[in-house]
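What follows is one structure encoded as structure tokens, with my remarks underneath.
The values are calculated or read from the model by the stated rules, or taken from the named source; none is laboratory data. The shown structure was predicted, so the numbers you read here are calculated from the model rather than taken from an experiment. All Cβ positions, even for glycine, are placed from backbone atoms using ideal geometry, and neighbour counts span all protein chains on display.
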Amino acid sequence: MSEKATLTWGNGRAAEFPVLKGSVGPDVIDIRTLYSETGMFTYDPGYTSTGSTKSAITYIDGDQGILLYRGYPIEELAVQCDFLEVAYLIKHGELPNQAQYDDWVMRVKRHTMVHEQLARFFQGFRRDAHPMASLVGVVGALSAFYHDSLDINDPEHRVIAAIRLIAKLPTIVAMAYKYNMGQPFMYPRNELSYTANFMHMMFATPCEKYEPNPVLVRALDRILILHADHEQNASTSTVRLAGSSGANPFACIAAGIACLWGPAHGGANEAALAMLERIGDVSKIPDFIARVKDKNSGVKLMGFGHRVYKHYDPRAKLMRETCYEVLAELGLANDRLFKLAMALEKIALEDDYFVSRKLYPNVDFYSGIVQRALGIPTNLFTGIFALARTVGWIAQWNEMISDPEQKIGRPRQLYTGATRRDVVPMGKRA
Ligand code: ACO
């Protein structure tokens, strides 16, 4: 017999709800009939106790510090696979064999260019526009160019839209950077790997030959793998909510990018690096930590803490290793900010304020330092995150569209405003 949870309230009233079991992780109480059975809603700002969907893509155990994509630990994927392999896994559910991988890579590479008219879109932005502002606009505008992949009920359209998004995001992110720099856009070079091609579009110019450094390509590829999906976070939930109305995938991903931009989410690595710059020196750490602990200061230790991880974020460990590799390759082993970050991490991990609240470094604590060493400007960090997360967003969007249980997303509320009252004529109002 299936398990039930019983809710009792008021004067001995009770209602029963089924308990659902996932393949791993906590059980879930199915409250879909709560309102019809009790006349009440749940109240859960920030959805800390609310599951919005079933999903078979990513599993996180925040207490143990475990992250699995389709069952595979992030630690194995990050060292044994490349980003497009992981993208295939996230999207299709299984790792590709050689033939599937070759076909997938070829299909993605065939879509790396953007429509020439789309490239001219950038001219409408100020040169100093934040790249995320350009990305929200340009990715949303893809829906004005690719009408042949907008029918969300046609599985083939959904496949083409997904490939287009995964293939074109590096091109668009690099264009946002080049536009800021006042340099010409670089066309993709499809003989390069996905990540090497992105570095080419970022750092090559028409006047000089550019050969991406394999150690740095591998580091950036790892950043992309670590950011590819993270189950129902704010931006992914935004993509799902936007998509639940039947909106096209390009518009939904643009909504995800807008959400990701916030400093509590994708903007955190930019904020973490800015914080390190502000602290400036190891001797200033105690004073900074004191301000973080002062609740009235409004200062947070950026790159620390996570809604789900109450243990060391497994991605932060990998990012720390990558940080060492990149700095060694570039002869920056004594990098000032890296040393500062290590000292800050050590102190924070021993301090009772952070220990008692289970605040550990998250992936953003180190990814900013790595990206800075790669030559990526701070204001593009979140754009790189968006590039990687597009894989997760589009896989989650597709899962939602294919799920017969999904409905338009529509949270309820606890109304605390005025009760019914009559309009008083203007002359009689206080
Ligand atoms: N610095 C100092 N104190 C913190 C921090 C931090 N970074 N994060 C949480 N706390 C404190 C809170 O003030 C709170 O203290 P209290 O219990 O005394 O009131 C306690 O720890 C619990 O924190 P919450 O805010 O309830 O945790 P929540 O899950 O809502 O927030 C979040 C998670 C938004 C990530 C938060 O930790 C934060 O703002 N961190 C800094 C920003 C950051 O690094 N974001 C990246 C997230 S990862 C990503 O998007 C890839």
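Might you let me know whether the range 396-407 holds any residue that is within 13 Å of the ligand (Cβ to nearest atom) and crowded, with 24+ Cβ neighbours inside 10 Å? Give the derivation first.
Within the range 396-407, the subset within 13 Å of the ligand (Cβ to nearest atom) is none.
No, the range 396-407 contains no residue that is within 13 Å of the ligand (Cβ to nearest atom) and crowded, with 24+ Cβ neighbours inside 10 Å.
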message: Checking Phe385 against (1) within 16 Å of the ligand (Cβ to nearest atom); (2) over 30 Å from Ser149 (Cβ atoms); (3) not aliphatic (A, V, I, L, M): exactly one of these is not met. Which one?
response: (2)
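What is the residue count in the range 32-82 for residues that are of a type in the set (Asp, Glu) and surrounded by 12 or more Cβ atoms within 10 Å (Cβ to Cβ)? So that I can check it myself, show each step before the final result.
Step one: list which residues in the range 32-82 are of a type in the set (Asp, Glu), which gives 37, 44, 61, 63, 75-76, 82.
Among the residues that remain, those that are also surrounded by 12 or more Cβ atoms within 10 Å (Cβ to Cβ) are: 37, 61, 75, 82.
Number of matching residues: 4.
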message: Exactly one condition in (1) more than 16 Å from the ligand (Cβ to nearest atom); (2) closer than 16 Å to Gly65 by Cβ is false for Val326; which is it?
response: (2)
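For the structure I just gave you, tell me whether Gly409 is over 30 Å from Asn153 (Cβ atoms) and of a type outside the set (Val, Ile, Thr).
On the way: over 30 Å from Asn153 (Cβ atoms): no; of a type outside the set (Val, Ile, Thr): yes.
Considered against the rule, which asks whether it is over 30 Å from Asn153 (Cβ atoms) and of a type outside the set (Val, Ile, Thr), Gly409 comes out as no.
Would you point out the residue of the range 100-134, among those that are among the hydrophobic types (A, V, I, L, M, F, W, C) and farther than 18 Å from Tyr194 by Cβ, that is surrounded by the most Cβ atoms within 10 Å (Cβ to Cβ)? First the steps, then the outcome.
Here is the first cut: in the range 100-134, the ones among the hydrophobic types (A, V, I, L, M, F, W, C) are 104-106, 108, 113-114, 118-119, 121-122, 125, 129, 132-133.
Narrowing the set further to residues that are farther than 18 Å from Tyr194 by Cβ leaves 118-119, 121-122, 125, 129, 132-133.
Numbers: Leu118: 19, Ala119: 17, Phe121: 19, Phe122: 19, Phe125: 17, Ala129: 17, Met132: 25, Ala133: 16.
Top of the filtered list is Met132.
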Selection from the range 94-113 of residues that are more than 23 Å from the chain's Cα centre (by Cα), in a loop (DSSP other than H, G, I, E, B) and within 13 Å of Asp82 (Cβ to Cβ): Pro96
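Is it the case, given these coordinates, that Gly71 is free of Cβ contacts under 8 Å to residues at least 60 places away in the same chain and touching a strand residue (DSSP E or B) at 6+ places or on another chain (Cβ under 8 Å)? Step through it out loud before you land on a result.
On the way: free of Cβ contacts under 8 Å to residues at least 60 places away in the same chain: yes; touching a strand residue (DSSP E or B) at 6+ places or on another chain (Cβ under 8 Å): yes.
Considered against the rule, which asks whether it is free of Cβ contacts under 8 Å to residues at least 60 places away in the same chain and touching a strand residue (DSSP E or B) at 6+ places or on another chain (Cβ under 8 Å), Gly71 comes out as yes.
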- prompt: Of these, Asp148, Asp63, which one is among the acidic types (Asp, Glu), in a loop (DSSP other than H, G, I, E, B) and in contact (Cβ under 8 Å) with a residue 12 or more places away in the chain?
  reply: Asp63
field: Identity of the residue in the range 313-322, in a helix (DSSP H, G or I) and within 16 Å of the ligand (Cβ to nearest atom), that ends up farthest from Ala234 (Cα to Cα)
entry: Thr322
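Please go through the range 244-266 and pick out each residue that is more than 16 Å from the ligand (Cβ to nearest atom) and either among the polar types (S, T, N, Q) or modelled with pLDDT under 95 (or both).
Step one: of the range 244-266, the residues more than 16 Å from the ligand (Cβ to nearest atom) are 244-255.
The answer is Ser244, Ser245, Asn248.
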field: Every residue from the range 380-425 that is of a type in the set (A, V, I, L, M, F, W, C) and either touching an Asp or Glu at 6+ places or on another chain (Cβ under 6 Å) or at positive phi (or both)
entry: Phe381
message: Based on this model, can you work out whether Ala228 counts as aliphatic (A, V, I, L, M), touching a strand residue (DSSP E or B) at 6+ places or on another chain (Cβ under 8 Å) and either in contact (Cβ under 8 Å) with a residue 40 or more places away in the chain or within 15 Å of the ligand (Cβ to nearest atom) (or both)?
response: yes
field: Subset of the range 233-248 [part of a loop (DSSP other than H, G, I, E, B) and among the hydroxyl-bearing types (Ser, Thr, Tyr)]
entry: Ser245
- request: Please determine, by comparing only the residues of the range 289-312 that are crowded, with 19+ Cβ neighbours inside 10 Å and more than 6 Å from the ligand (Cβ to nearest atom), which one is modelled with the lowest pLDDT.
  value: Tyr309
message: For a quick check of your reading of the model, give me the residue pairs whose first member lies in the range 28-49 and is closer than 19 Å to Val308 by Cβ and of a type in the set (Gly, Ala, Ser), whose second is modelled with pLDDT of 95 or more and assigned to a strand (DSSP E or B), with beta-carbon atoms closer than 6 Å and at least 6 apart or on different chains.
response: none
statement: So, first residue over 15 Å from Ala388 (Cα atoms) in the range 254-271, second residue more than 10 Å from the ligand (Cβ to nearest atom) and in a loop (DSSP other than H, G, I, E, B), Cβ within less than 8 Å, six or more apart or across chains; the pairs are Ala255/Ala247
task: Scan the range 192-240 for residues that are among the polar types (S, T, N, Q), surrounded by fewer than 21 Cβ atoms within 10 Å (Cβ to Cβ) and closer than 26 Å to Ile253 by Cα and jot them down.
output: Ser193, Gln232, Ser237
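Kindly indicate whether Asn213 is within 12 Å of the ligand (Cβ to nearest atom) and closer than 26 Å to Leu374 by Cβ.
Working: within 12 Å of the ligand (Cβ to nearest atom): no; closer than 26 Å to Leu374 by Cβ: yes.
So Asn213 fails the test.
Within the range 351-373, track down each residue that is outside any helix (DSSP H, G or I) and surrounded by fewer than 24 Cβ atoms within 10 Å (Cβ to Cβ). Explain how you work it out, then say what you get.
If we filter the range 351-373 for residues that are outside any helix (DSSP H, G or I), which is where we start, we get 351, 357-363.
Of everything in the range 351-373, those that are outside any helix (DSSP H, G or I) and surrounded by fewer than 24 Cβ atoms within 10 Å (Cβ to Cβ) turn out to be Asp351, Arg357, Lys358, Leu359, Tyr360.
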